[in-house]
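Let me begin by presenting the structure, written as structure tokens, before commenting on it.
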Amino acid sequence: MSNILLVAIGGAIGSVGRYLVGLWATRLAGPSFPWGTLTVNVVGAFAIVTGILGGFTTWSSFTLDTMVLFERGEVGLSALYLLASLLVSFAAIFAGLALGRALF
């Protein structure tokens, strides 16, 4: 039971973190591009830990943001966001794994 509670607390921390990063990114760069979702997914890919990062990152927001850009007629920006999310997240996971292996 204590492991479930720890994962729940981690998920809550991650969800609040995702919300705050989204607010920060929108204030900083505006609402025209989903910088907040991109940021949390890349950070999550870099650190890849269950619990906090499971609540912090979000595939559903990524796919929704991609479709919203596409439906607004921002086809190029939608494709850029999709590719950036995938490529930068994969680069981040390789970097995070390499760092973790070097440290531990």
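From Leu20, Leu53, Leu38, Leu69, grab the single residue that is surrounded by 17 or more Cβ atoms within 10 Å (Cβ to Cβ) and modelled with pLDDT of 95 or more.
Leu69
Find all pairs meeting these conditions: Cβ atoms under 6 angstrom apart; at least six residues apart or on different chains; first residue within the stretch 36-52 and within 24 Å of Leu5 (Cβ to Cβ) and part of a helix (DSSP H, G or I); second residue of a type in the set (D, E, K, R) and open to solvent by 20 Å² or more (accessible area, probe 1.4 Å).
Final answer for the pair search is Val40/Arg18.
Looking at Ser60, Ser78, which one is small (Gly, Ala, Ser), part of a helix (DSSP H, G or I), without any contact (Cβ under 8 Å) to a residue 24 or more places away in the chain and open to solvent by 60 Å² or more (accessible area, probe 1.4 Å)?
Of Ser60, Ser78, the one residue that is small (Gly, Ala, Ser), part of a helix (DSSP H, G or I), without any contact (Cβ under 8 Å) to a residue 24 or more places away in the chain and open to solvent by 60 Å² or more (accessible area, probe 1.4 Å) is Ser60.
The values are calculated or read from the model by the stated rules, or taken from the named source; none is laboratory data. Since this is a predicted model, take the numbers as computed values, not measurements. Virtual Cβ from ideal backbone geometry, glycine too; neighbours counted across all protein chains shown. In case anyone asks, the SASA skips ligands and DNA or RNA and just uses the protein heavy atoms, side chains included. Shrake-Rupley method; radii C 1.70, N 1.55, O 1.52, S 1.80 Å.
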